[in-house]
Amino acid sequence: MRQMLRFSAVLISALALGLCGCGKDSAKKTSPAVARPSDPPADHVVAMANGTPLVWAEMNKRAMGYLKDDVESNHLVIPTNRMEEAKEYFRRRAIHAFVFKTLLMDEAARQSIKLTDADRKEGLQSLAQSLKTRNWTTNDFFLKGPLGEAAMRREFEDGMVIDKLLKVKVRGALKLEEPEIAGAITLIDATNDLKQVKLEGVRKQLLEGASFEDVARTVSECPSAKNGGDLGEFARGKMDKAFEAAAFSQAVGAIGPVTQTRFGYHIIKVTAHTPARAATASTPAVPETVRASHILLNRIPVDRKRIIDSLLRSKYNAGVQKYYAELKAKSKIECYLYKDMTF
C-alpha cells in the first residue's frame with residue numbers, strides 16, 4: 001500500500017507545482033475569470049483560513065509559478081488574448097491550494113504530528129520516484145520549482161507533515177474486502193466481453209462491404225489505425241503467436257474471424273502472402289512473409305495487483321476528500337478577492 005499510495009508530500013509538492021487536484025477541480029467550478037483593472041497592494045489580504053492570511057504578493061507569486069510550470073513542463077499553450085484570463089484561473093487555484101494546505105497543517109499541529117529522520121528519508125525516496133516522469137532529480141525539484149529553493153524545501157517539509165497526518169487519519173483506516181476485488185475483476189471481464197461483441201459487429205460491417213481501412217482509422221485502438229490498420233510485411237516469429245497463426249493461415253483479401261491475443265481482439269486482413277524461397281547458388285533463402293492489416297480493440301488485463309492498487313488509490317483519494325470536507329466544515333474560510341469562490 002505504501003508504494004501505491006505514494007507519499008502525500010507529493011501532494012504538497014503538487015501544491016507547490018500547481019498540480020493539486022483539490023485546487024484544480026474546485027477552480028473549474030467557479031465562474032469564468034475576468035481580468036481586473038489593476039492589482040491590489042502586495043500586502044493586501046486576498047483570503048483567510050482559520051485566521052491565517054494569504055496576501056496578494058504570495059498568492060500571485062504562487063499563481064505565476066503554477067502558470068510557468070504548466071507552460072514549461074506540461075506544454076500548456078496560452079493565446080496572447082487569453083493570458084489575463086489564465087492568470088486569474090491560476091490565482092484562484094493558488095487560493096484553493098492555500099486553503100487546503102492551511103487546514104491540514106493546522107490539524108497536524110493539533111494532532112502534534114512531528115517528523116523523524118526516517119520520515120524525511122522515506123519522503124525523499126518517494127519524491128525521487130514521483131519525479132521520474134519529469135526526468136527530474138530531487139535537487140531539480142528544489143532548484144527548478146516555481147517558488148524558489150527555500151520555499152520549495154519548506155513546501156516539501158510541510159508535505160511530509162501532511163503525509164504523516166493522512167497516514168493516521170485516512171491511509172491507516174483503508175480496508176479492501178475480497179468481494180470488492182472480485183467485483184472489479186467481474187467488471188473487467190464484462191468489459192472485455194463487450195469489446196469482443198463490438199468487434200463481431202464491426203466484422204459484420206466489413207463482410208457487408210465497409211472499407212477495412214476507413215473502419216480501422218475510426219475503430220482500431222492500435223497506432224496502426226492512422227495507416228488504415230496496415231502492419232507492413234513480416235515473417236514468422238515477429239508477431240504474437242496467435243496473431244501470427246491466424247495471419248499465415250488466412251487467404252489474401254479475406255476478412256478473418258475475431259482473433260484473441262494477449263493484446264486484445266483483432267480482425268485481420270492479409271493483403272499479400274509471399275511463399276518462402278530456397279537458397280540458390282547466387283541468392284540467399286527468403287522466408288515466407290505476409291503483409292497484413294488489423295483492427296484492434298485492446299483487452300484490459302486482469303492483473304490482481306494492479307486492481308488492488310487501483311481500488312486502494314480510489315479509496316484513498318475519496319478518503320482524503322472526505323477528511324478535507326470535514327475540516328472545511330469546522331473551519332472559517334473567507335475569500336475577499338473572488339466573492340464567487342466556494343470551498
Residue hits (the range 234-290; of a type in the set (A, V, I, L, M) and either within 19 Å of L206 (Cα to Cα) or touching a Phe, Trp or Tyr at 6+ places or on another chain (Cβ under 8 Å) (or both)) are A246, A247, A251, V252, A254, I255, V258, I267, I268, V270, A272, V290
Total residues in the range 37-90, condition under 20 Å from E155 (Cα atoms) and among the charged types (D, E, K, R): 6
Here, helices (runs of 4 or more DSSP H) confined to the range 87-169 with at least 3 residues that are in contact (Cβ under 8 Å) with a residue 24 or more places away in the chain and within 22 Å of the chain's Cα centre (by Cα) are 117-130, 149-169
Please verify whether E221 is at pLDDT 95 or above, in a loop (DSSP other than H, G, I, E, B) and outside the structural domain of S310 (by TED's automatic domain parsing), treating the condition exactly as stated. yes
Taking the options G209, G253, name whichever one is part of a loop (DSSP other than H, G, I, E, B) and closer than 30 Å to A190 by Cα. G209
Taking only the range 289-320 into account, find how many residues are out of contact with any Ser or Thr (no Cβ under 7 Å at 6 or more places or on another chain) and not in a strand (DSSP E or B). 21
Take the range 232-272 and flag every residue that is at negative phi and under 29 Å from the mean Cα position of the chain (by Cα). D240, Q260, T261, R262, F263, Y265, H266
If a residue must be free of Cβ contacts under 8 Å to residues at least 40 places away in the same chain and surrounded by 15 or more Cβ atoms within 10 Å (Cβ to Cβ), how many such residues does the range 211-224 contain? 1
For the range 287-333, enumerate the residues that are touching a His at 6+ places or on another chain (Cβ under 9 Å), polar (S, T, N, Q) and exposed (fewer than 13 other Cβ atoms within 10 Å of the Cβ). none
Residue that is of a type in the set (D, E) and either closer than 30 Å to T342 by Cα or touching a Ser or Thr at 6+ places or on another chain (Cβ under 6 Å) (or both), where the choices are E122, E157: E157
Contact list please: Cβ distance under 7 Å, first residue in the range 188-210 and more than 18 Å from P301 (Cβ to Cβ), second residue part of a helix (DSSP H, G or I) and β-branched (V, I, T), pairs at least six apart or on different chains. V202/V215; V202/V219; Q205/V215; L206/V215
Scan the range 256-288 for residues that are part of a loop (DSSP other than H, G, I, E, B) and not polar (S, T, N, Q) and report the count. 14
I'd like to verify a number: residues in the range 48-80 that are touching a residue at least 40 places away in the same chain (Cβ under 8 Å), acidic (D, E) and surrounded by fewer than 16 Cβ atoms within 10 Å (Cβ to Cβ), how many? 0
From the set of residues in the range 29-43 that are loosely packed, with under 15 Cβ neighbours inside 10 Å and farther than 19 Å from T342 by Cβ, which is modelled with the lowest pLDDT? A35
May I ask you to list pairs of residues, at least six apart or on different chains, whose Cβ atoms are under 7 Å apart, with the first in the range 294-308 being over 23 Å from A247 (Cα atoms) and the second being outside any helix (DSSP H, G or I)? I308/L176
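The values are calculated or read from the model by the stated rules, or taken from the named source; none is laboratory data. Remember, predicted model here, so these are calculated numbers, not experimental data. So basically every Cβ, Gly included, is an ideal-geometry build from the backbone, and we count neighbours across all protein chains shown.
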